[in-house]
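Here's the structure we're looking at; comments come further down.
The values are calculated or read from the model by the stated rules, or taken from the named source; none is laboratory data. Just so it is clear, the model here is predicted, and its values are computed rather than measured. Because the Cβ atoms are built from the backbone with ideal geometry, glycine has one as well, and the counts that use them run over all protein chains shown.
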Amino acid sequence: MTTGIQSKLPEVGTTIFTTMSALANEHKAINLGQGFPDYDMPEELMSLVNKAMHDGFNQYVPMQGYLPLREAISQKVSGLYNASVNPDTDITITPGGTYAIYTALTTVLKPGDEVIVFQPCYDSYIPNIVLNGATPVFVDLSYPDYRIDWKQVKNKITPHTRMIMLNSPHNPTGTVLYPEDLQQLAAIVQDTSILILSDEVYEHLIFDEIPHQSVLRIPELRERSFVCFSFGKLYHCTGWKLGYCIAPAELMTEFRKVHQFNCFSCHSPSQIALAAYLQDPSTYNSLGKMMQGKRDHFAGLMHSSRFDPLPSHGSYFQLYRYNRISEENDVEFCKRITREYGVAAIPVSVFYQQSTDHGVIRFCFAKKETTLEEAASRLQRI
């Protein structure tokens with residue numbers, strides 16, 4: 001039978017994450033490629049979910065999300081960023097941060113629109129833009145510090161620019177935004193109708209006493225932004241697929257029109273549990289220090305290897321150069337060390353539309369100490 005279907009994503013095939021995970025399984029390798037922890041989520045949070053289920057919270061909650069959870073998020077945002085966010089009109093609970101990003105893009109993009117995207121970037125951004133008939137316009141982050149060249153951004157603005165996408169802490173590089181970045185962004189979008197989508201799923205996984213620069217801090221940015229977050233990334237429960245989006249009421253009204261026909265209601269017991277768990281600010285304020293300890297532990301173990309680290313100030317990830325080891329392209333290098341040394345990583349070139357290869361690979365350090373120690377021991381032999 002011939003279906004006559006025409007692919008909406010003809011350039012998309014099997015992702016490198018699927019490829020590397022399959023290779024890791026085949027060779028019984030330690031998987032430092034994909035961004036997921038191999039340790040348990042907080043015991044208290046598990047207990048709260050069990051309690052919610054036993055207490056009968058197993059049916060739909062409202063489409064916008066469980067109100068006490070939205071209220072807890074509003075209080076958190078107020079305390080952290082001095083921003084007033086209405087829990088009724090400005091916050092929607094979503095099945096993960098990636099879903100929130102897709103829904104925000106689908107809410108506003110039309111054929112002919114342009115979206116400025118910083119490369120390297122999370123792999124869902126480009127397909128999400130293309131599926132909505134819009135065109136990604138690329139600005140490469142400066143190598144090797146992966147900072148934004150705001151003059152280049154300004155030069156990319158056209159009458160068709162509908163949105164600028166941000167990500168901090170950044171995946172895959174681990175870099176973060178600073179106050180001057182938000183100031184320059186605000187100056188660029190002033191007196192325009194350009195919207196912002198800020199991917200802040202690693203919000204609390206930020207290191208070295210650097211404060212997270214959320215766009216929610218800046219009123220003139222907040223009023224034009226969709227800001228996307230993830231509970232799964234923060235609380236080591238990526239399989240929950242639970243996050244949220246914050247946007248001003250005018251934008252959120254339209255966001256919810258799309259959301260309600262894709263996922264009318266997210267997992268109820270998890271929302272009830274998180275509403276209680278977030279009452280204690282230490283549950284999120286302590287996360288950066290914990291993850292920084294993992295970064296530092298892995299970096300110490302790798303110090304005697306021939307890999308050279310690039311700075312990571314946030315997220316699950318650190319980039320390493322391998323130019324003292326090999327001249328292979330990064331994809332082939334990652335495949336070889338998985339097969340021959342039993343450690344899987346992700347080549348950074350796959351995060352570029354043009355497969356730009358600087359000889360850099362990404363390791364995920366959100367793992368048990370024993371996992372990191374065994375992985376580093378194998379990598380030191382290369």
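Which is out of contact with any Gly (no Cβ under 7 Å at 6 or more places or on another chain), without any contact (Cβ under 8 Å) to a residue 24 or more places away in the chain and either among the hydroxyl-bearing types (Ser, Thr, Tyr) or not in a loop (DSSP other than H, G, I, E, B) (or both), of Ala275, Ala187?
Numbers: Ala275 fails: without any contact (Cβ under 8 Å) to a residue 24 or more places away in the chain.
Just a single option satisfies the conditions, and that option is Ala187.
Hey, does the stretch 155-168 have a residue that's assigned to a loop (DSSP other than H, G, I, E, B), under 26 Å from Ile210 (Cα atoms) and under 14 Å from the mean Cα position of the chain (by Cα)?
Yes, the stretch 155-168 contains at least one residue that is assigned to a loop (DSSP other than H, G, I, E, B), under 26 Å from Ile210 (Cα atoms) and under 14 Å from the mean Cα position of the chain (by Cα).
Taking the condition of being surrounded by 15 or more Cβ atoms within 10 Å (Cβ to Cβ), over 30 Å from Phe138 (Cβ atoms), charged (D, E, K, R) and in contact with a helix residue (DSSP H, G or I) (Cβ under 8 Å, 6 or more places away or on another chain), how many residues in the stretch 348-382 meet it?
So the answer is 2.
Evaluate the following for Gln119: is it in contact (Cβ under 8 Å) with a residue 24 or more places away in the chain, farther than 29 Å from Pro211 by Cα and among the polar types (S, T, N, Q)?
Here the answer is no, as Gln119 does not meet what is asked.
Quick check on this structure: which one of Leu67, Leu80, Leu109 is assigned by TED's automatic domain parsing to the domain that holds Asp199, in contact (Cβ under 8 Å) with a residue 60 or more places away in the chain and not hydroxyl-bearing (Ser, Thr, Tyr)?
Leu80
Can you pull out the residues in the stretch 213-233 that are free of Cβ contacts under 8 Å to residues at least 60 places away in the same chain and surrounded by 20 or more Cβ atoms within 10 Å (Cβ to Cβ)?
Gln213, Val215, Leu221, Arg224, Ser225, Val227, Phe231
Looking at the stretch 63-76, is at least one residue more than 30 Å from Gln213 (Cα to Cα) and surrounded by 13 or more Cβ atoms within 10 Å (Cβ to Cβ)?
no
How many residues are under 18 Å from Leu141 (Cα atoms), over 19 Å from the mean Cα position of the chain (by Cα) and of a type in the set (Asp, Glu) when one looks only at the stretch 171-205?
The number of residues fulfilling the criteria is 1.
Scan (1) part of a helix (DSSP H, G or I); (2) under 25 Å from Gly133 (Cα atoms); (3) out of contact with any strand residue (DSSP E or B) (no Cβ under 8 Å at 6 or more places or on another chain) for the single condition Glu220 breaks and write down its number.
Looking at each condition in turn, Glu220 falls short on (2).
For Gln354, only one of the following conditions fails: (1) over 27 Å from Arg147 (Cα atoms); (2) at pLDDT below 95. What is its number?
Looking at each condition in turn, Gln354 falls short on (1).
Would you call Arg217 in the same structural domain as Ser78 (by TED's automatic domain parsing), under 18 Å from Ala104 (Cα atoms) and not β-branched (Val, Ile, Thr)?
The answer is no for Arg217.
For (1) touching a helix residue (DSSP H, G or I) at 6+ places or on another chain (Cβ under 6 Å); (2) not acidic (Asp, Glu), each residue gets a yes or a no:
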| position | (1), (2) |
| --- | --- |
| Gly13 | no, yes |
| Asp38 | yes, no |
| Gln59 | no, yes |
| Tyr99 | no, yes |
| Asp113 | no, no |
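Could you list all residues from the stretch 134-154 that are part of a strand (DSSP E or B) and under 27 Å from Leu9 (Cβ atoms)?
Within the stretch 134-154, Thr135, Pro136, Val137, Phe138, Val139, Asp140 meet the criteria.
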